[in-house]
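First up is the structure itself, then whatever we jot down about it.
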Amino acid sequence: MRVWIGASVIMLALSTVAETQELDSLVSPGALSRVHSELAGLTNCIVCHTPGSGVQAEKCLDCHKDLAERTHAGRGFHRDKVDGCSDCHLEHQGEDFRLLRWTSSALDHAETGYPLVGLHRGVETCEACHKPEDAPARKMSTTFLVNDSRCVACHTDVHRGRLGEDCERCHSPEVRFKEIRFDHSRTAFRLEEAHQRLECESCHPNQRWTGIRFANCADCHRDRHQPTLGADCERCHNASSWRVGTFNHERTRYPLRGRHNSVTCSKCHESQRFKGVAFDRCDDCHEDNTHWGQFESDCSYCHAVEGFERWTRDHEDTAYPLTGKHVQVDCARCHRSEESRFPTGLAKAVRYKPLETLCASCHRDSHLSQFSGDCGVCHGTVGFERETLDFDHDQDSRFKLLGRHASVACPECHKLERGTFPAGEGEAVRFRPLSDRCASCHDNIHDPEWWKTSTASREVACQLCHGVDTFALESFDHGRTALPLEGGHASLTCNRCHAFAAWEDRQVVLFEESKQDCIDCHPTPHSRRLTDCLACHNTSNWEVRAW
């Protein structure tokens, strides 16, 4: 009986377990992963699940205490991921399902709160830093959690703890561990200028970092001044370079200005002689081997301390003030280097004085000596162009420009020609001698024979009929001829009586051979020729007048 009861209990228990497993398989969405397999079964659901709320992070962190400590401390990859564990870590996907959704190659290490910078980016494997011996003690499986992220967790402390654990005071992952990046400004001796370029061993031999003397420059630098000038080296020197002085020369009788500021001390203070140096005149330091005695006064009369190339003297103070285009001319165009005898000897130097001031000393005579006077009679310094000429043709020449002559361009009369000029054969614009006869510019359209038989001179002959305002007839008085124009003749045009005729290769107007008898122009209606037309007719009316 007892045996049967015991067997029945065992069978009932087995039956209950089978039913529970069958029910569990019906309710559960799937088998748990191997790491959580101990939580399988309906009775363990509430370990992770909260009825009506699903999986909550607090319950996950109740088991994952190491992660909870880091998360609450704001450290590590999960420091900003306190909610939604199941978003990344899925369960009920089978025993062999991997709970991590990321891979080490796709991980942005900055999300862990420890970004990989500098040489750390070159570490090939995660395991190089995430070692089992540095993992939390309670971890029973592979993990990337580490207990210690300090430098000494990976790197050997060669200082053996003497300088503390803040390695980044001197080292940086951006460079090799042997390269020091110590901020010396946080010490009692701030590194400035040239001191910043020194190797650490220059002041810290044998890695001696404390107890270094630095109160005086002589603690490190040898005093080269014998006798010494005192311990206050900064009166003359600074940290940028021992060769560059910071001595305030303004406190002396000779303040440094211009280019003197860039001169090295030894140029004036030879053999470190700092007192008794002459400085009253420029030639106390500068030798006058440039102008060879052309100037008697001190150099400062023309030059400034900004440089010998700069001319400070106003040319208005010279015998030749610069005006017009001369202001723009470079000094070397007039003051040329020449080999000659100067006040202090024979040398090759730039000539300043004496210097010719005539135009011909610099400018070529393009007129080939047609003018004997100074060029300034016609030209000024504003330019040689025709528009700049200071020349009045009415006052400065024998031929006044009147009437239409005033608007004639200069080249119409003054032409470029090759010929003989006062300076010899050459090509130039002809200005003088130049004929002022009308025929020298104007063609003769009249009968040349008339010119030969005319009692008046040719010039007078032109002016009998023509003026300078227009070439048309202006002033000719026909009353001075053998046939005064009266009556109907007064309104006649010239060509009614003076016709064109061919002469050689052109057409000319005939004046001397013009007909003067009435019948020469008027045909007679009479049966017999009557010579005295005026006996019956007159010039006002051709009708027969009473007789």
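The values are calculated or read from the model by the stated rules, or taken from the named source; none is laboratory data. Quantities reported herein were computed from a predicted structural model and do not represent experimental measurements. Cβ sites come from the backbone with ideal geometry, for glycine too, and all protein chains shown count toward neighbours.
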*Taking region 98-117 only, how many residues are part of a helix (DSSP H, G or I) and out of contact with any helix residue (DSSP H, G or I) (no Cβ under 7 Å at 6 or more places or on another chain)?*
6
*Out of region 245-271, which residues are within 25 Å of residue 193 (Cα to Cα) and of a type in the set (S, T, N, Q)?*
246, 248, 261, 262, 264, 266
*Residue selected from region 53-96 under the condition in a helix (DSSP H, G or I) and within 14 Å of residue 33 (Cβ to Cβ), by the criterion farthest from the chain's Cα centre (by Cα)*: 63
*Specify the residue that is farthest from residue 89 (Cα to Cα); the eligible residues are those in region 20-40 that are small (Gly, Ala, Ser) and modelled with pLDDT of 85 or more.*
40
*asked:* Name the residue that is nearest to residue 136 (Cα to Cα), counting only residues in region 35-92 that are surrounded by fewer than 15 Cβ atoms within 10 Å (Cβ to Cβ) and touching a residue at least 40 places away in the same chain (Cβ under 8 Å).
replied: 65
*When the residues of region 438-482 are filtered to those that are modelled with pLDDT under 65 and among the charged types (D, E, K, R), which remaining residue is surrounded by the fewest Cβ atoms within 10 Å (Cβ to Cβ)?*
452
*Which one of these is of a type in the set (D, E, K, R), at pLDDT below 80 and not in a loop (DSSP other than H, G, I, E, B): 224, 243?*
243
*Quick one: is residue 185 among the polar types (S, T, N, Q) and not in a loop (DSSP other than H, G, I, E, B)?*
yes
*How about region 210-239: which of its residues are in contact with a helix residue (DSSP H, G or I) (Cβ under 6 Å, 6 or more places away or on another chain) and either outside the structural domain of residue 194 (by TED's automatic domain parsing) or over 21 Å from residue 188 (Cβ atoms) (or both)?*
none
_Within region 252-284, take every residue that is farther than 27 Å from residue 301 by Cβ and among the basic types (Lys, Arg) and give me the one that is surrounded by the most Cβ atoms within 10 Å (Cβ to Cβ)._
273
*Is there a residue being more than 27 Å from residue 363 (Cβ to Cβ) and touching a strand residue (DSSP E or B) at 6+ places or on another chain (Cβ under 9 Å) anywhere in region 336-348?*
yes
*Identify the single condition in (1) over 30 Å from residue 341 (Cα atoms); (2) out of contact with any Phe, Trp or Tyr (no Cβ under 8 Å at 6 or more places or on another chain) that residue 371 does not satisfy, given that it satisfies every other one.*
(2)
*Residue by residue through region 503-526, note down the ones that are assigned to a loop (DSSP other than H, G, I, E, B) and at pLDDT below 70.*
504, 505, 510, 511, 512, 513, 514, 515
*So which residues in region 406-429 are surrounded by 12 or more Cβ atoms within 10 Å (Cβ to Cβ) and touching a helix residue (DSSP H, G or I) at 6+ places or on another chain (Cβ under 9 Å)?*
410, 413, 429
*asked:* Taking the conditions exactly as written (out of contact with any helix residue (DSSP H, G or I) (no Cβ under 8 Å at 6 or more places or on another chain), among the small types (Gly, Ala, Ser) and either within 29 Å of residue 225 (Cβ to Cβ) or not in a loop (DSSP other than H, G, I, E, B) (or both)), does residue 271 satisfy them or not?
replied: yes
*Residues that are at pLDDT 85 or above and more than 36 Å from the chain's Cα centre (by Cα), drawn from region 377-391*: 378, 379, 380
*asked:* So, in region 370-401, exactly how many residues are assigned to a loop (DSSP other than H, G, I, E, B) and surrounded by 12 or more Cβ atoms within 10 Å (Cβ to Cβ)?
replied: 13
*Restricting attention to region 359-368, and to residues there that are in contact (Cβ under 8 Å) with a residue 40 or more places away in the chain and surrounded by 13 or more Cβ atoms within 10 Å (Cβ to Cβ), which single residue is nearest to the chain's Cα centre (by Cα)?*
365
_Subset of region 117-130 [touching a residue at least 12 places away in the same chain (Cβ under 8 Å) and within 22 Å of residue 67 (Cβ to Cβ)]_ = 126, 129, 130
*asked:* Conditions first: (1) surrounded by 11 or more Cβ atoms within 10 Å (Cβ to Cβ); (2) within 24 Å of residue 238 (Cα to Cα); (3) without any contact (Cβ under 8 Å) to a residue 12 or more places away in the chain; (4) more than 42 Å from the chain's Cα centre (by Cα). Residue 202 passes all but one, so which condition is the exception?
replied: (1)
*Pairs, please: C-beta under 8 Å, at least 6 apart or cross-chain, first residue part of a loop (DSSP other than H, G, I, E, B) and in region 301-314, second surrounded by 12 or more Cβ atoms within 10 Å (Cβ to Cβ) and modelled with pLDDT under 80?*
302/313; 313/301
*Among what's in region 315-331 and is without any contact (Cβ under 8 Å) to a residue 12 or more places away in the chain and not in a loop (DSSP other than H, G, I, E, B), pick the residue that is farthest from the chain's Cα centre (by Cα).*
317
*With respect to the numbered conditions (1) modelled with pLDDT under 85; (2) over 40 Å from the mean Cα position of the chain (by Cα); (3) surrounded by 12 or more Cβ atoms within 10 Å (Cβ to Cβ), which one is the sole condition not fulfilled by residue 187?*
(1)
